[in-house]
1. Please give me the summed charge of the neighbours of Y368: other residues whose Cβ is under 13 Å from its Cβ, Lys and Arg +1, Asp and Glu -1.
2. Enumerate the residues in region 25-56 having an amide nitrogen under 20 Å from the point lying 7 Å beyond the Cα of F297 toward its Cβ.
3. At 0.36 nm per residue, minus the direct Cα-Cα distance, what do S358 and L264 gain on full extension? Give it in nm, one decimal, please.
4. Within 13 Å, Cβ to Cβ, of S140, how many net charges do the neighbouring residues add up to if Lys/Arg are +1 and Asp/Glu are -1?
5. If you take all C-alpha pairs in region 337-398, what percent of them are over 18 Å apart?
6. Need one word for region 3-107: rounded, prolate or oblate. Basis is the Cα gyration tensor (sqrt eigenvalues a ≥ b ≥ c); a/c below 1.5 gives rounded, then a/b vs b/c decides.
7. Say R0 is 35 Å: what FRET efficiency, to the nearest 0.05, do V135 and Q172 get from their beta-carbon distance?
8. Sort 149-162, 18-31 by packing, meaning the average of other beta carbons within 10 Å per residue, with the highest value first.
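Please treat every number below as a calculation from the coordinates, not as lab data. Here the structure is a predicted model, which is why all the values come from computation and not from measurement. A quick note on method: Cβ atoms are made from the backbone with ideal geometry, for glycine too, and the neighbour counts reach across all protein chains shown.
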Amino acid sequence: MSNAVGTGIKPQSKAKNAEFRKAVQALWLRWSDEADSHGVNDFYGLQASICRSMIEGGECFVRFRVRRSEEGLSVPLQLQVLESEHLDTSVNRILITGNMVRNGIEFNKLGQREAYYLFREHPGEKLLVSNGESVRIPASEVLHIYKPLRPGQIRGEPWLSRVLLKLYELDQYDDAELVRKKTAAMFAGFITRLDPEANMMGEGAANEQGMALAGLEPGTMQLLEPGEDVKFSNPSDVGANYEAFMRQQLRAIAVGMGITYEQLTGDLTNVNYSSIRAGLIEFRRRCATLQHHVIVFQFCRPVWNRWIELALLSGALPSQDKDTSIKDVKWIPQGFDWVDPLKDQQAQQMAVRNGFKSRAEVVSELGYDTEEIDQEIAADNNRADEAGFVLDSDPRHTTPPKKRGF
């Protein structure tokens, strides 16, 4: 989740009108703090909550909540994130309209989603205000977010379902080893009587207060009666294969989850620069797929379109009748940090100089908005000029002037 979402996948308006772009970015910045209908997260916190719900339950739902203007929101729209249990999977029937309801999802004759049957409250809540009946919500008001693994899949699959049984069995094995080790360590020693008939029917030796000497504490020395001998136990260890077995099982679990062993366990004992970099490249490619195919396409894109429409209708944004680019946007995920940032910066610099990449693309890969970076650099240069500073980061002072010909 921290790699797929991080601090948030943020929008950069691509509208042609520069003033409109500036107004959109400023309005979005204010609204992102108001996005959650529960008031717990901002818009980027909702992204993290959605990603977490997909990992746990395989899917989640987001319902558009259009608000009244008197509620004082910058844009009259909020989002309600619902867990997968809100879907009433008991609804399965063919309607008189010809639509078919499967697992609480209504499809029309073309196979398109028409509606969702959702519970008002989570069915696991102890106190239910409603009678437990589901409500039909048009599909235009609900976002169903999940990672499809095959064509025609209508529900999401929990990401841990493939390794859940192995995780359970491995946990049981680890607990058994812990109990065996703990039980063996409890027996510090055994008292062997040299006279078998001594105190056969008794309740065992006791101290002056009449307390039995059966229990031992760490570091305690007990005086023995004449004719008694002590033998200390030699508890068996968990075995030399325990660590290797656990590592192998955790590697199999990591493969099933689509991550590396090091990311699952945090164990970096046997890695080097090349191996961890290779693993990170593959993992981050998976994260990029999740970002663009699921989070951006299924969640961010429809939210942005609805938000622009309501912002224009409510007057929060100036009308742009003839501009067809008002909804154009680029979503920028948080950039990834590398093990050796110096080499990566040098590689990016060479790619730009050789014409393989644009500067804007490099800035976007780092998770920043190109226009904001340019504005900040220009502001920094202006402040430096006013203060009389000469910074080596300013190419105007470090690049030699071109020689003019006669």
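1. Working: positive: K10, K330, R359; negative: E361, E365, D369, E371, E372, D374, E376.
Around Y368, the charge tally is -4.
2. Zone members listed by number: 47-48, 50-55.
3. Values: separation 94, 0.36 × 94 = 33.84 nm, distance 3.52 nm.
Here the segment from S358 to L264 would lengthen by 30.3 nm.
4. Values: positive: R63, R113, R136, R306; negative: E106, E114, E141, E309.
It works out to a net charge of 0.
5. Details: 970 of 1891 pairs.
Across region 337-398, Cα pairs with separations above 18 Å total 51 percent.
6. Numbers: a/c = 2.17, a/b = 1.73, b/c = 1.26.
Prolate shape, in that a/c is at least 1.5 and a/b is the bigger ratio.
7. Values: r = 42 Å, r/R0 = 1.19.
Efficiency, rounded to the nearest 0.05: 0.25.
8. Values: 149-162: 12.6, 18-31: 15.9.
Ranked from most to least packed, the peptides come out as 18-31, 149-162.
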